[in-house]
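One structure is given here, and the rest of the page talks about it.
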Amino acid sequence: MTVLAQQLILGLLIGGLYGLAAAGLSLIFGVMRVLNVAHGELIMLGGYGAFWLAALLGVDPFASLLLVIPGSLLLGAMLYWGLFGFVVRAHEEARVKNSLLIGFGLALALHALAVRLWTADERSIPTSYAGAVLAVGDLAIPLVRLATLVLALLLIGTLQLLLSRWRWGKAIRATAEDWQAALLTGIDIRRAYLLAFALGTALAGAAGTLITVAYSVSPSIGLEWTLKALIVVVLAGLGSMIGTFIGGLVLGVAEAASAATFGGPYREIIGLVIFVVVLAVRPRGLFGR
Amino acid sequence: MTAAGHERRWAVAILAAFGGLAFLPLAGPRDDLLNFVFLILLSITLAESWNVVAGYAGQVNLGHAAFFGLGALITRALWIAGTPVALAMTAGAVTATVFALIIGVAAFRLRGAYFAIGTLALGEILRTTVGNVLPEISTLPAATIASYRLSVRYYLALGLAAISVIAVATLATSRLGLGMRAIREDEEAAEASGVGALALKLTALALSTALAGLAGGLFAYYHISYYPAHPFGPHWTFDALLMTFIGGVGTLQGPVLGAVLYVVLKEYLALRWVDIHLLIFGALFVAIVLLLPGGLVQAAERARAVLGARRRAA
């Protein structure tokens, strides 16, 4: 019983990161109708950003978020100007296809770049507090992972606040709802697209940092995280960031439960099965509009 | 010139080129050349098979590797057990098609991006499952390796590439292909004018996955050893997708030209810049997508239109 509870707690903790990884993808897909399959590679770059800051300058990985997030924001803006800005000029059907193509090309290039810069080895950031645990009865909760869950919730809450209170946040939501109507009311939708893409990339960078501090990073984690994020986006539906976070937690716990029931190798499969079932039964997702 | 005449002329040209390639093994070339042309031919089959669903029926299938992998899995198992390879490959293709039809009924309820995401997940489910159930590498028995003849594989690849080109050419000029294109342009309008969208999409998927299953069977017959999960890897889908879009989606000649350019470019870059070839390849690929959105076929048409206008002006 304790073993199962322990596994479920660990699943919940990684679920927070699934939610954070998905929030960026959901924002970009919801607003731009662009499917960025290189999202996992952007997460991977964020992880290496933190790794570099720690290895070269000795920056604490949690503190490095303060540098990684603005850096990712800038990277996102550059990617929008250089690549994805061209995609949103096409109509919706062509957007999805073109963004897939550019995403695959980008994923390939970023993966190769990461291997070149950091080799194919798995990296993690050693800290003095890495082994600290919070003991609750028989259960041990790793403090670093608990911190990543809390930070993920804080970041997503901040985003939700930005989207509901900030002037440009409202513009982003209006564009997601109906870009033609948004255009008619005088909203600069290109600016809204740029902001959505940059914010989505910043969330990916933050997720990458938290993944690297609590787990590890390697150049090939990209596709895996893109898939996890896609599963959560489909599970939760578009339009609610808090819903996306809850979707992440659900996936994390479901994976842990299936690993406990059917054995470790099957933890991934159950997530994908959930995903196909949700798509077939409720395509708009649990919290989708 | 009508569109159908256009497709037919391209089909004849491509098949003539294949006819020329049939003489290649007779010239006694080095094995690496034969292997290289084999790779191009296998890529042509894979790209054309993906093109049927994406180019004609307009559905972006990101789980294509699942059907390539199933073809490989079944063919390998039956062939090693002693079944003649032609029969084993047929069984592989049939399995892939039956599986596709079962999945297709559910998956085609999804539209646009959701179909793409759903099929991507499907491919990954199969890859993970096969990787878990069959983690050991599959190697041919010593007796089979001793009697291994590359030219047999080469001719099989040539035949398969020819079959896929003929199949797509026939489809493109048929009523069936017309109905599929109507779905691609506007599914609701097509339904309203009496096109049975689901049946046609399933037909496209069946043809596509049968070809992919055969290509997978060829892969299993060609390789001496590989991990059973390898042909299920997502890169098979991405390769087919990239080749088709580089060449020109929804055309007969596009995937063929795309496959040739893709394989040649990738191998050249791999030889020239060993370390960073994928970085260059990825960047180059993004550049092609941005600069030539309709692929090589559309770029050639545009160039011809510009030259024609200039000639008329002169």
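Only the coordinates and a few stated rules stand behind these numbers; no lab work does. Treat the numbers as computed from the prediction; the structure is a model and nothing was measured. Positions of Cβ are backbone-derived with ideal geometry, glycine not excepted, and every protein chain shown enters the neighbour counts.
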*Return the only residue of A:ALA152, A:ALA130 being part of a helix (DSSP H, G or I), over 30 Å from B:LEU278 (Cα atoms) and more than 14 Å from every other protein chain (Cβ to nearest Cβ).*
A:ALA152
*asked:* Are there helices (runs of 4 or more DSSP H) fully within the range B:160-269 with at least 1 residues that are closer than 30 Å to A:SER220 by Cα and not aromatic (Phe, Trp, Tyr)? List them.
replied: B:197-222, B:234-247
*What are the residue pairs meeting all of these: first residue in the range A:27-41, first residue facing chain B (nearest Cβ under 10 Å), second residue hydroxyl-bearing (Ser, Thr, Tyr), Cβ atoms under 7 Å, and 6 or more apart or on different chains?*
A:VAL34/A:SER99; A:LEU35/A:SER99; A:VAL37/A:THR226
*Here are some conditions: (1) part of a helix (DSSP H, G or I); (2) surrounded by 13 or more Cβ atoms within 10 Å (Cβ to Cβ). B:PRO293 meets all but one. Which one does it not meet?*
(1)
*Using the structure shown, decide if B:ALA22 is out of contact with any strand residue (DSSP E or B) (no Cβ under 8 Å at 6 or more places or on another chain) and surrounded by 15 or more Cβ atoms within 10 Å (Cβ to Cβ).*
no
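Residue-wise test of (1) over 30 Å from B:VAL105 (Cβ atoms); (2) part of a helix (DSSP H, G or I).
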{"residue": "A:ALA196", "(1), (2)": "yes, yes"}
{"residue": "A:GLY200", "(1), (2)": "yes, yes"}
{"residue": "A:SER220", "(1), (2)": "yes, yes"}
{"residue": "A:TRP225", "(1), (2)": "yes, yes"}
{"residue": "A:VAL233", "(1), (2)": "no, yes"}
{"residue": "A:PHE245", "(1), (2)": "yes, yes"}
{"residue": "A:GLU255", "(1), (2)": "no, yes"}
{"residue": "A:ARG284", "(1), (2)": "no, no"}
_Can you go through B:ARG76, B:ARG109 and tell me which one is touching a helix residue (DSSP H, G or I) at 6+ places or on another chain (Cβ under 8 Å), more than 14 Å from chain A (Cβ to nearest Cβ) and among the basic types (Lys, Arg)?_
B:ARG76
*With A:ILE172, A:ILE156, A:ILE189 as the choices, which residue is more than 30 Å from A:LEU57 (Cβ to Cβ), surrounded by 17 or more Cβ atoms within 10 Å (Cβ to Cβ) and touching a Phe, Trp or Tyr at 6+ places or on another chain (Cβ under 7 Å)?*
A:ILE189
_Looking only at the range B:121-142, and only at residues there that are over 18 Å from B:TRP236 (Cβ atoms) and in a helix (DSSP H, G or I), the one that is nearest to the other protein chains (Cβ to nearest Cβ)_ = B:ASN132
*asked:* For the range B:143-158, give me the residue count where each residue is in a helix (DSSP H, G or I) and either among the β-branched types (Val, Ile, Thr) or over 17 Å from B:PHE38 (Cβ atoms) (or both).
replied: 5
_Evaluation of A:ALA90 against (1) surrounded by fewer than 19 Cβ atoms within 10 Å (Cβ to Cβ); (2) at the interface with chain B (Cβ under 10 Å from one of its Cβ atoms); (3) in a helix (DSSP H, G or I) (one fails), failing number_ = (3)
*Answer yes if at least one residue in the range B:210-221 is without any contact (Cβ under 8 Å) to a residue 12 or more places away in the chain and either of a type in the set (Val, Ile, Thr) or away from chain A (no Cβ under 14 Å) (or both), and no otherwise.*
no
*Every residue from the range B:220-238 that is buried (at least 24 other Cβ atoms within 10 Å of the Cβ) and not aliphatic (A, V, I, L, M)*: B:PRO231, B:PHE232, B:TRP236, B:THR237
*Leading residue by the ranking (surrounded by the most Cβ atoms within 10 Å (Cβ to Cβ)) among those in the range B:86-106 that are without any contact (Cβ under 8 Å) to a residue 60 or more places away in the chain and within 14 Å of chain A (Cβ to nearest Cβ)*: B:ILE103
*Starting from the range B:164-179, keep only residues that are over 17 Å from B:VAL195 (Cβ atoms), then list their pairs with residues that are among the acidic types (Asp, Glu) whose Cβ atoms are within a distance under 9 Å, requiring at least 6 positions of separation or different chains.*
B:SER164/B:GLU48; B:VAL165/B:GLU48; B:ALA167/B:GLU48; B:VAL168/B:GLU7; B:VAL168/B:GLU48; B:ALA169/B:GLU7; B:THR173/B:GLU7
_Condition check: assigned to a loop (DSSP other than H, G, I, E, B) and within 14 Å of chain B (Cβ to nearest Cβ). Does A:LEU238 satisfy that?_
yes
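I'd like to know if the range A:102-112 contains one or more residues that are at the interface with chain B (Cβ under 8 Å from one of its Cβ atoms), part of a helix (DSSP H, G or I), surrounded by fewer than 22 Cβ atoms within 10 Å (Cβ to Cβ) and not β-branched (Val, Ile, Thr).
yes
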*Could you tell me whether the range B:264-281 includes any residue that is within 14 Å of another protein chain (Cβ to nearest Cβ), touching a residue at least 60 places away in the same chain (Cβ under 8 Å) and surrounded by 19 or more Cβ atoms within 10 Å (Cβ to Cβ)?*
no
